[in-house]
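Trainee: Please read through the structure below; I'll follow up with questions.
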Amino acid sequence: MAGEAALMDRIYRRQRHVYDFTRKYYLLGRDELIERLDPPAAGRVLEIGCGTARNLIAAARRWPQARLYGIDISAEMLVTARQVVGRTDVARRITLAHADASTFDPAWLFGVPCFSRIFFSYGLSMIPGWQDALIEAISWLSPAGELHVVDFGGQEGLPAWFRAGLRHWLARFHVSPRDHLQDELEMLAGRAGTLIRFERPYGGYAQYAQFRR
Ligand SMILES: C[S@@+](CC[C@H](N)C(=O)[O-])C[C@H]1O[C@@H](n2cnc3c(N)ncnc32)[C@H](O)[C@@H]1O
(Lines give C-alpha, C1' and ligand atoms only; values in the text may rest on other atoms or scores of the structure.)
Protein backbone atom coordinates (compact mmCIF):
# COMPACT_ATOMS: atom_id res chain seq x y z
CA MET A 1 0.00 0.00 0.00
CA ALA A 2 2.80 2.45 0.90
CA GLY A 3 4.10 3.00 -2.65
CA GLU A 4 0.67 3.36 -4.23
CA ALA A 5 -0.55 5.60 -1.42
CA ALA A 6 2.49 7.86 -1.77
CA LEU A 7 1.98 8.10 -5.54
CA MET A 8 -1.71 9.02 -5.15
CA ASP A 9 -0.83 11.59 -2.49
CA ARG A 10 1.73 13.15 -4.85
CA ILE A 11 -0.82 13.32 -7.67
CA TYR A 12 -3.63 14.72 -5.52
CA ARG A 13 -1.81 16.92 -2.99
CA ARG A 14 -2.52 20.00 -5.13
CA GLN A 15 -5.09 18.55 -7.56
CA ARG A 16 -7.61 17.94 -4.79
CA HIS A 17 -8.23 21.69 -4.52
CA VAL A 18 -9.47 21.92 -8.13
CA TYR A 19 -10.54 18.30 -8.57
CA ASP A 20 -14.33 18.59 -8.53
CA PHE A 21 -14.42 21.66 -10.74
CA THR A 22 -12.15 20.22 -13.43
CA ARG A 23 -13.31 16.58 -13.44
CA LYS A 24 -16.97 17.31 -14.05
CA TYR A 25 -16.11 17.91 -17.73
CA TYR A 26 -14.50 14.53 -18.39
CA LEU A 27 -15.45 11.93 -15.77
CA LEU A 28 -18.62 11.10 -17.69
CA GLY A 29 -21.36 8.77 -16.47
CA ARG A 30 -20.96 9.30 -12.72
CA ASP A 31 -24.48 10.66 -12.20
CA GLU A 32 -26.00 7.82 -14.24
CA LEU A 33 -24.22 5.36 -11.95
CA ILE A 34 -25.63 7.08 -8.85
CA GLU A 35 -29.11 6.98 -10.38
CA ARG A 36 -28.81 3.27 -11.13
CA LEU A 37 -27.60 2.27 -7.64
CA ASP A 38 -31.17 2.01 -6.37
CA PRO A 39 -30.14 0.49 -3.01
CA PRO A 40 -32.69 -1.32 -0.84
CA ALA A 41 -34.23 0.62 2.07
CA ALA A 42 -31.57 1.25 4.73
CA GLY A 43 -29.00 -0.33 2.39
CA ARG A 44 -25.27 0.22 2.82
CA VAL A 45 -23.40 1.66 -0.18
CA LEU A 46 -19.59 1.68 -0.45
CA GLU A 47 -17.51 3.70 -2.92
CA ILE A 48 -13.98 2.36 -3.41
CA GLY A 49 -11.60 5.16 -4.39
CA CYS A 50 -14.05 7.84 -3.26
CA GLY A 51 -11.71 10.80 -3.83
CA THR A 52 -13.28 14.08 -2.71
CA ALA A 53 -16.60 12.33 -1.81
CA ARG A 54 -18.43 14.12 -4.62
CA ASN A 55 -20.25 10.89 -5.54
CA LEU A 56 -21.01 9.89 -1.94
CA ILE A 57 -22.68 13.24 -1.25
CA ALA A 58 -24.74 13.00 -4.45
CA ALA A 59 -25.70 9.40 -3.64
CA ALA A 60 -26.69 10.35 -0.08
CA ARG A 61 -29.01 13.05 -1.47
CA ARG A 62 -30.45 10.79 -4.19
CA TRP A 63 -31.01 7.82 -1.82
CA PRO A 64 -32.04 9.34 1.53
CA GLN A 65 -32.60 5.96 3.23
CA ALA A 66 -29.08 4.68 2.49
CA ARG A 67 -25.93 4.78 4.57
CA LEU A 68 -22.81 5.68 2.60
CA TYR A 69 -19.22 4.55 3.11
CA GLY A 70 -16.09 5.55 1.25
CA ILE A 71 -12.50 4.31 1.21
CA ASP A 72 -9.49 5.84 -0.50
CA ILE A 73 -5.78 5.07 -0.48
CA SER A 74 -4.88 8.78 -0.56
CA ALA A 75 -4.83 10.50 2.81
CA GLU A 76 -4.65 13.81 0.92
CA MET A 77 -7.92 13.14 -0.92
CA LEU A 78 -9.54 12.13 2.36
CA VAL A 79 -8.62 15.49 3.94
CA THR A 80 -10.70 17.22 1.27
CA ALA A 81 -13.44 14.56 1.44
CA ARG A 82 -13.82 15.02 5.20
CA GLN A 83 -13.92 18.81 4.92
CA VAL A 84 -16.50 18.75 2.12
CA VAL A 85 -18.71 16.09 3.74
CA GLY A 86 -18.58 17.94 7.05
CA ARG A 87 -20.14 21.02 5.44
CA THR A 88 -23.16 19.12 4.05
CA ASP A 89 -26.54 18.19 5.51
CA VAL A 90 -25.86 14.49 4.79
CA ALA A 91 -22.66 14.22 6.85
CA ARG A 92 -24.16 11.93 9.49
CA ARG A 93 -24.90 9.27 6.82
CA ILE A 94 -21.40 9.24 5.28
CA THR A 95 -18.39 7.48 6.83
CA LEU A 96 -14.89 7.64 5.35
CA ALA A 97 -11.79 5.52 5.91
CA HIS A 98 -8.23 5.24 4.66
CA ALA A 99 -7.81 1.84 2.98
CA ASP A 100 -6.49 0.01 -0.07
CA ALA A 101 -9.00 -1.40 -2.56
CA SER A 102 -7.16 -4.69 -2.86
CA THR A 103 -7.34 -5.56 0.83
CA PHE A 104 -9.74 -4.09 3.35
CA ASP A 105 -12.04 -5.32 6.07
CA PRO A 106 -15.40 -3.50 6.49
CA ALA A 107 -15.89 -4.92 9.99
CA TRP A 108 -12.61 -3.38 11.12
CA LEU A 109 -13.02 -0.11 9.19
CA PHE A 110 -16.72 0.55 9.69
CA GLY A 111 -18.13 -2.14 12.00
CA VAL A 112 -20.35 -3.54 9.23
CA PRO A 113 -20.25 -7.00 7.61
CA CYS A 114 -21.05 -6.25 3.94
CA PHE A 115 -22.71 -3.83 1.50
CA SER A 116 -25.79 -3.98 -0.70
CA ARG A 117 -24.06 -1.78 -3.30
CA ILE A 118 -20.37 -1.21 -4.01
CA PHE A 119 -19.09 1.03 -6.78
CA PHE A 120 -15.90 2.18 -8.47
CA SER A 121 -16.05 5.51 -10.31
CA TYR A 122 -12.90 6.18 -12.36
CA GLY A 123 -10.92 4.27 -9.73
CA LEU A 124 -10.08 0.94 -11.36
CA SER A 125 -8.07 2.70 -14.09
CA MET A 126 -5.69 3.98 -11.37
CA ILE A 127 -5.33 0.73 -9.43
CA PRO A 128 -2.50 -1.46 -10.78
CA GLY A 129 -3.99 -4.60 -9.21
CA TRP A 130 -7.49 -3.85 -10.52
CA GLN A 131 -8.43 -7.51 -10.96
CA ASP A 132 -7.70 -8.18 -7.26
CA ALA A 133 -9.70 -5.08 -6.33
CA LEU A 134 -12.71 -6.46 -8.23
CA ILE A 135 -12.44 -9.80 -6.42
CA GLU A 136 -12.13 -8.02 -3.07
CA ALA A 137 -15.18 -5.84 -3.79
CA ILE A 138 -17.36 -8.76 -4.85
CA SER A 139 -16.38 -10.64 -1.69
CA TRP A 140 -17.93 -7.85 0.44
CA LEU A 141 -21.29 -7.77 -1.36
CA SER A 142 -24.33 -9.05 0.48
CA PRO A 143 -26.33 -11.82 -1.29
CA ALA A 144 -27.95 -10.24 -4.39
CA GLY A 145 -25.81 -7.16 -3.76
CA GLU A 146 -24.52 -5.25 -6.79
CA LEU A 147 -21.18 -3.93 -7.96
CA HIS A 148 -21.31 -0.93 -10.33
CA VAL A 149 -18.31 0.34 -12.29
CA VAL A 150 -17.88 3.41 -14.45
CA ASP A 151 -14.49 4.22 -15.94
CA PHE A 152 -12.65 5.20 -19.09
CA GLY A 153 -13.41 2.84 -21.96
CA GLY A 154 -11.51 1.79 -25.08
CA GLN A 155 -12.88 4.79 -27.11
CA GLU A 156 -13.60 2.38 -30.01
CA GLY A 157 -16.22 4.69 -31.57
CA LEU A 158 -14.03 7.81 -31.46
CA PRO A 159 -11.45 9.01 -34.01
CA ALA A 160 -8.03 7.36 -33.77
CA TRP A 161 -6.28 10.71 -33.19
CA PHE A 162 -8.58 11.43 -30.23
CA ARG A 163 -8.03 7.95 -28.78
CA ALA A 164 -4.25 8.20 -29.04
CA GLY A 165 -4.21 11.71 -27.57
CA LEU A 166 -6.49 10.79 -24.69
CA ARG A 167 -4.48 7.68 -23.78
CA HIS A 168 -1.25 9.64 -23.85
CA TRP A 169 -2.72 12.35 -21.63
CA LEU A 170 -4.26 9.83 -19.18
CA ALA A 171 -0.95 7.95 -18.88
CA ARG A 172 0.67 11.14 -17.55
CA PHE A 173 -1.71 10.86 -14.58
CA HIS A 174 -1.12 7.09 -14.13
CA VAL A 175 -4.53 6.29 -15.60
CA SER A 176 -4.86 3.16 -17.78
CA PRO A 177 -8.25 2.31 -19.30
CA ARG A 178 -9.04 -1.31 -18.41
CA ASP A 179 -9.66 -2.75 -21.86
CA HIS A 180 -10.38 -6.21 -20.45
CA LEU A 181 -12.91 -5.15 -17.83
CA GLN A 182 -15.79 -6.97 -19.53
CA ASP A 183 -13.76 -10.20 -19.93
CA GLU A 184 -12.69 -10.05 -16.30
CA LEU A 185 -16.23 -9.52 -15.03
CA GLU A 186 -17.56 -12.32 -17.24
CA MET A 187 -14.93 -14.61 -15.79
CA LEU A 188 -15.87 -13.56 -12.22
CA ALA A 189 -19.57 -14.01 -13.06
CA GLY A 190 -18.83 -17.68 -13.75
CA ARG A 191 -17.67 -17.98 -10.13
CA ALA A 192 -19.75 -15.56 -8.10
CA GLY A 193 -22.68 -13.84 -9.83
CA THR A 194 -24.11 -12.39 -13.02
CA LEU A 195 -22.93 -9.55 -15.24
CA ILE A 196 -26.33 -7.95 -15.79
CA ARG A 197 -25.19 -4.90 -17.78
CA PHE A 198 -22.12 -3.88 -19.76
CA GLU A 199 -22.23 -0.68 -21.84
CA ARG A 200 -19.77 1.49 -23.72
CA PRO A 201 -21.44 4.93 -23.73
CA TYR A 202 -20.20 8.14 -25.38
CA GLY A 203 -18.66 6.28 -28.32
CA GLY A 204 -16.73 4.04 -25.93
CA TYR A 205 -15.24 7.03 -24.07
CA ALA A 206 -16.58 5.33 -20.92
CA GLN A 207 -17.53 1.82 -19.90
CA TYR A 208 -20.23 0.86 -17.45
CA ALA A 209 -20.74 -2.46 -15.69
CA GLN A 210 -23.37 -3.77 -13.30
CA PHE A 211 -22.67 -7.10 -11.62
CA ARG A 212 -25.00 -8.92 -9.23
CA ARG A 213 -23.71 -11.39 -6.68
C1 LIG B 1 -9.79 9.54 -10.55
S2 LIG B 1 -10.04 9.52 -8.82
C3 LIG B 1 -11.82 9.21 -8.75
C4 LIG B 1 -12.45 9.77 -7.51
C5 LIG B 1 -13.97 9.57 -7.43
N6 LIG B 1 -14.29 8.18 -7.43
C7 LIG B 1 -14.68 10.30 -8.53
O8 LIG B 1 -15.40 9.67 -9.32
O9 LIG B 1 -14.57 11.54 -8.58
C10 LIG B 1 -9.36 7.96 -8.33
C11 LIG B 1 -9.31 7.78 -6.83
O12 LIG B 1 -8.93 6.42 -6.57
C13 LIG B 1 -8.05 6.43 -5.46
N14 LIG B 1 -7.25 5.20 -5.46
C15 LIG B 1 -6.23 4.87 -6.30
N16 LIG B 1 -5.72 3.66 -5.98
C17 LIG B 1 -6.45 3.20 -4.93
C18 LIG B 1 -6.42 2.01 -4.15
N19 LIG B 1 -5.51 1.03 -4.40
N20 LIG B 1 -7.30 1.87 -3.14
C21 LIG B 1 -8.21 2.86 -2.87
N22 LIG B 1 -8.29 4.00 -3.56
C23 LIG B 1 -7.42 4.18 -4.60
C24 LIG B 1 -7.23 7.70 -5.67
O25 LIG B 1 -6.56 8.10 -4.48
C26 LIG B 1 -8.30 8.66 -6.13
O27 LIG B 1 -8.89 9.33 -5.06
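Trainee: Say whether the condition of being within 18 Å of Arg93 (Cβ to Cβ), within 11 Å of the ligand (Cβ to nearest atom) and surrounded by 14 or more Cβ atoms within 10 Å (Cβ to Cβ) is met by at least one residue in region 4-17.
Mentor: Scanning region 4-17, I find no residue that is within 18 Å of Arg93 (Cβ to Cβ), within 11 Å of the ligand (Cβ to nearest atom) and surrounded by 14 or more Cβ atoms within 10 Å (Cβ to Cβ), so the answer is no.
Trainee: Further question on the same structure: Any chance you could count how many residues in region 18-41 are more than 11 Å from the ligand (Cβ to nearest atom), in contact with a strand residue (DSSP E or B) (Cβ under 6 Å, 6 or more places away or on another chain) and not aliphatic (A, V, I, L, M)?
Mentor: Result for region 18-41: 2.
Trainee: So, Ile71, is that one among the β-branched types (Val, Ile, Thr), buried (at least 21 other Cβ atoms within 10 Å of the Cβ), under 26 Å from Tyr202 (Cα atoms) and at pLDDT 95 or above or not?
Mentor: So Ile71 fails the test.
Trainee: Check Leu166, Leu185, Leu147 and return the single one that is in contact with a helix residue (DSSP H, G or I) (Cβ under 6 Å, 6 or more places away or on another chain), buried (at least 17 other Cβ atoms within 10 Å of the Cβ) and among the aliphatic types (A, V, I, L, M).
Mentor: Answer to the check: Leu147.
Trainee: Which of the residues spanning region 15-34 are of a type in the set (D, E, K, R), in a helix (DSSP H, G or I) and modelled with pLDDT under 80?
Mentor: Once the filter is applied, which keeps residues that are of a type in the set (D, E, K, R), in a helix (DSSP H, G or I) and modelled with pLDDT under 80, region 15-34 yields Asp20, Arg23.
Trainee: Restricting the first residue to region 2-16 and requiring it to be touching a residue at least 40 places away in the same chain (Cβ under 8 Å), which pairs with a second residue that is surrounded by fewer than 15 Cβ atoms within 10 Å (Cβ to Cβ) meet a Cβ separation below 6 Å and a spacing of at least six or different chains?
Mentor: none
Trainee: Within region 60-146, considering only helices (runs of 4 or more DSSP H) that don't extend past its boundaries, which have at least 3 residues that are within 9 Å of the ligand (Cβ to nearest atom) and either farther than 21 Å from Arg30 by Cα or touching a residue at least 12 places away in the same chain (Cβ under 8 Å) (or both)?
Mentor: Those helices (runs of 4 or more DSSP H) span 75-86.
Trainee: With the structure loaded, tell me whether Asp179 is in contact with a Ser or Thr (Cβ under 8 Å, 6 or more places away or on another chain), surrounded by 11 or more Cβ atoms within 10 Å (Cβ to Cβ), outside any helix (DSSP H, G or I) and touching a residue at least 24 places away in the same chain (Cβ under 8 Å) or whether it fails that test.
Mentor: Considered against the rule, which asks whether it is in contact with a Ser or Thr (Cβ under 8 Å, 6 or more places away or on another chain), surrounded by 11 or more Cβ atoms within 10 Å (Cβ to Cβ), outside any helix (DSSP H, G or I) and touching a residue at least 24 places away in the same chain (Cβ under 8 Å), Asp179 comes out as no.
Trainee: Also: Gly190: in a loop (DSSP other than H, G, I, E, B), modelled with pLDDT under 95, surrounded by fewer than 20 Cβ atoms within 10 Å (Cβ to Cβ) and among the small types (Gly, Ala, Ser), yes or no?
Mentor: No: the conditions fail for Gly190.
Trainee: Answer yes if at least one residue in region 35-46 is in a helix (DSSP H, G or I), modelled with pLDDT of 95 or more and exposed (fewer than 14 other Cβ atoms within 10 Å of the Cβ), and no otherwise.
Mentor: Taking every residue of region 35-46 in turn, at least one turns out to be in a helix (DSSP H, G or I), modelled with pLDDT of 95 or more and exposed (fewer than 14 other Cβ atoms within 10 Å of the Cβ).
The values are calculated or read from the model by the stated rules, or taken from the named source; none is laboratory data. Note that the structure is predicted; figures quoted are calculated from it, not measured. Quick reminder, even Gly has a Cβ in these numbers, built from the backbone with ideal geometry, and neighbours come from all protein chains shown.
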